[in-house]
1. Filter segment 589-608 down to the residues that are more than 18 Å from residue 540 (Cβ to Cβ) and among the polar types (S, T, N, Q) and list them by number.
2. Test residue 325 against the stated conditions and say whether it is under 12 Å from the mean Cα position of the chain (by Cα), assigned by TED's automatic domain parsing to the domain that holds residue 249 and farther than 15 Å from residue 190 by Cβ.
3. So the check is Cβ under 6 Å with 6+ separation or different chains; which pairs have a first residue in segment 43-66 that's free of Cβ contacts under 8 Å to residues at least 24 places away in the same chain and assigned to a helix (DSSP H, G or I) and a second one that's among the polar types (S, T, N, Q) and surrounded by fewer than 18 Cβ atoms within 10 Å (Cβ to Cβ)?
4. State whether the residues of segment 609-623 include one that is assigned to a helix (DSSP H, G or I) and under 19 Å from residue 540 (Cα atoms).
5. Which residues, counting only those in segment 358-386, are free of Cβ contacts under 8 Å to residues at least 40 places away in the same chain and in a loop (DSSP other than H, G, I, E, B)?
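The values are calculated or read from the model by the stated rules, or taken from the named source; none is laboratory data. Note that the structure is predicted; figures quoted are calculated from it, not measured. Here Cβ is always computed from backbone atoms with ideal geometry, including for glycine, and neighbour counts include all displayed protein chains.
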Amino acid sequence: MPKAKTKKTSKLTAEKNIPSLDELNQAGAKTREDHGQAGKTKKNYNGYLERGDKILAGIVQARKAAEKEGKVFSDGVVSSELAKAFDNPPNKWSSKALELILIQKCIHEGCGKSTMDGMHAVYAKRWDEMDGEKYAGETYHCDEKTGIITGNPARSHLINTFRQVIKTREAAKGVEATRNHAEAMTVEDIEAMIAWSENTCPKSAVDSVLSGSDQNAKDVMLVIEHTFLRGFLSSEFKHMYRNNELCKLQYGNLTWNCRGLAPDFVEHFKVHLENRKGWQKKAGYDAHPTDNHYDIYPQPVHAMDMHYHLPVWMKVYRHVLGRDFECDDFVFPYFSVNGTIQPKQEIQSHDMIQSLIQEAAAAAGLTKIFTTHSLRRGGAQYRFMWAEGKQRWSLTIVRWWGGWAEDERVDTLMKYLMDSLQSYETGHGNALCPLRLEPAKSFMSDHSLDQPVTVNNFRCFTEAMMGANQRVIDMLCSAPELSLAHMRQMSLADTEAQGNTLQPSHISRTDQSMERLLVEKHCRQKSTKERSAPIPGVIVPDIPKHGEDLFLAVVKQWEEGDPSQGLVMPLKDWPVEWYTGNMRLVTGTKRSNRKLIAEEYERLGRSNDAFKAAYPRIYNNLTKLYAAIRARNPGRARKSKNGSREEREHERKRQKKHPDTHEGSEDEGE
């Protein structure tokens with residue numbers, strides 16, 4: 001009996017806990033909202049909708065402006081109804097509005113099929129989910145008399161025919177003409193870029209900055225840019241990083257001075273890539289302790305040797321920073337044009353990395369257009385196809401190192417690898433080459449590696465060596481003042497830049513080195529008036545561009561400092577040499593602006609409300625705030641030693657009228 005009573009009581013309790021119909025519907029809707037799409041997909045969809053709605057708003061605004069000026073349109077479109085085309089419920093202009101957006105994107109902006117499909121998908125989804133399933137389905141109809149819509153406007157005949165037109169256009173242009181993925185960077189490309197960088201900023205220049213013998217600001221900035229570039233290029237090419245993954249890498253993700261397995265105990269360092277995109281961050285992913293950990297060993301190809309280039313950059317970074325690294329310091333942080341490094345600030349702008357890559361490519365004589373994704377794609381292709389012998393990787397290893405998920409679509413990986421392989425094996429553009437590789441006979445012409453050296457091969461090599469030696473002799477005769485020590489230094493530098501490999505195609509680099517040394521000897525002279533490098537570790541951290549009460553962040557930097565951003569000492573307590581002299585152009589202006597706001601805040605009684613009332617609408621815009629405070633307090637404005645702008649203009653006019661009259665003569669007359 002007691003058991004039966006307990007069971008009945010439990011049943012009654014369960015019945016009382018059953019939620020209502022509305023609660024169940026709300027729970028289901030919330031679950032669909034939270035987990036129906038991945039976060040990034042949802043963000044991309046919202047971006048499509050935002051851009052599409054903005055295009056429609058611009059079209060409507062232009063029509064209404066023209067109508068106000070008396071223009072009459074003959075297309076029969078009612079502007080007020082067109083403006084409501086994406087509202088609930090849809091109207092007879094909804095399908096037309098979507099077509100106008102697709103025309104703008106695919107014809108006027110030159111976007112392709114993928115953009116059209118994305119834009120179409122988001123609006124189809126919007127109408128599918130509008131009022132439950134009222135407008136869902138594959139059919140569409142608009143009653144001309146009542147204007148009532150049935151079905152999805154995104155699947156109307158008007159939209160379907162336009163989509164077919166764009167697909168036909170893309171097919172007519174061909175796959176190679178319309179694909180948008182980045183052009184792969186070959187190992188020869190990155191070798192040329194690294195060689196240019198090391199010629200422009202050689203190891204001797206890096207050593208001079210690290211030793212402290214060269215404190216010229218221009219030279220220090222040159223070393224920062226080039227060691228940063230070499231570390232970034234080698235890391236992304238070797239590691240097949242995505243650009244944002246590498247930019248998020250922090251010092252705490254690196255483990256130095258590791259040793260390999262017995263008996264060799266090869267030295268290396270480890271990289272823990274915890275921000276890897278894809279399956280590592282997938283919901284429910286239970287990572288193994290060794291997942292996302294990569295062992296970085298020395299590589300035979302110098303240009304892609306992350307084991308060499310990254311530590312060099314870290315040494316320069318540490319020297320300029322003036323302190324030991326902290327775990328949350330970014331490995332590739334933001335740095336300004338004057339050489340100050342913000343270790344806590346991630347590189348937010350894709351343009352900064354892109355400009356460095358394009359500058360290096362152009363300077364190295366490359367005519368290709370690279371993006372940051374070219375390094376990732378080129379690294380994957382190199383390891384899968386172009387590397388020699390045992391340096392070549394299987395598809396499984398490439399997938400793991402590149403961070404592609406195990407269930408990644410095959411065509412996603414194939415576009416990185418197979419496009420170039422197919423072109424290589426079926427192309428015959430090198431048919432006239434003396435050394436025929438015959439790629440159709442074996443994978444990546446591996447059979448050619450087992451062929452013996454022929455007499456013709458040896459004759460070509462001998463002629464190349466003799467020609468190179470003769471050019472060196474001619475160069476020495478034309479420049480007898482060039483010492484043997486200089487020759488040896490340049491030869492060693494070129495050997496190191498090529499990864500200690502001797503190939504006939506690299507012999508001509510000796511000529512380039514000799515010419516460069518002669519030009520630099522006669523043309524490169526340093527100005528004695530160039531300013532010194534910034535004091536290591538002395539920075540004024542940037543204030544975020546967006547946020548609430550940004551003026552309080554300025555006051556905090558002035559009164560308390562901000563150790564989390566590298567500002568250990570408050571700005572008000574800085575010694576004079578930190579913001580005057582050579583540091584005036586580095587920290588002087590920023591400190592002066594911070595002081596201006598802090599003193600104004602103090603003058604207004606340290607009241608947030610009073611400060612906001614005195615500077616409404618601009619207290620979060622620091623640039624306008626600086627100008628407003630100076631305008632309100634003209635006595636605090638900076639004065640030029642040559643007078644105000646009006647005074648300088650008056651003096652120039654006076655000098656034109658009386659060229660023989662000088663200020664000094666008037667003083668002498670008095």
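1. Scanning segment 589-608 gives 607, 608.
2. On the way: under 12 Å from the mean Cα position of the chain (by Cα): no; assigned by TED's automatic domain parsing to the domain that holds residue 249: yes; farther than 15 Å from residue 190 by Cβ: yes.
It is false that residue 325 is under 12 Å from the mean Cα position of the chain (by Cα), assigned by TED's automatic domain parsing to the domain that holds residue 249 and farther than 15 Å from residue 190 by Cβ.
3. 60/79; 63/79; 64/79
4. Start the filter on segment 609-623 by keeping residues that are assigned to a helix (DSSP H, G or I), which leaves 609-614, 622-623.
Subset that is under 19 Å from residue 540 (Cα atoms): 622-623.
Yes, segment 609-623 contains at least one residue that is assigned to a helix (DSSP H, G or I) and under 19 Å from residue 540 (Cα atoms).
5. 367
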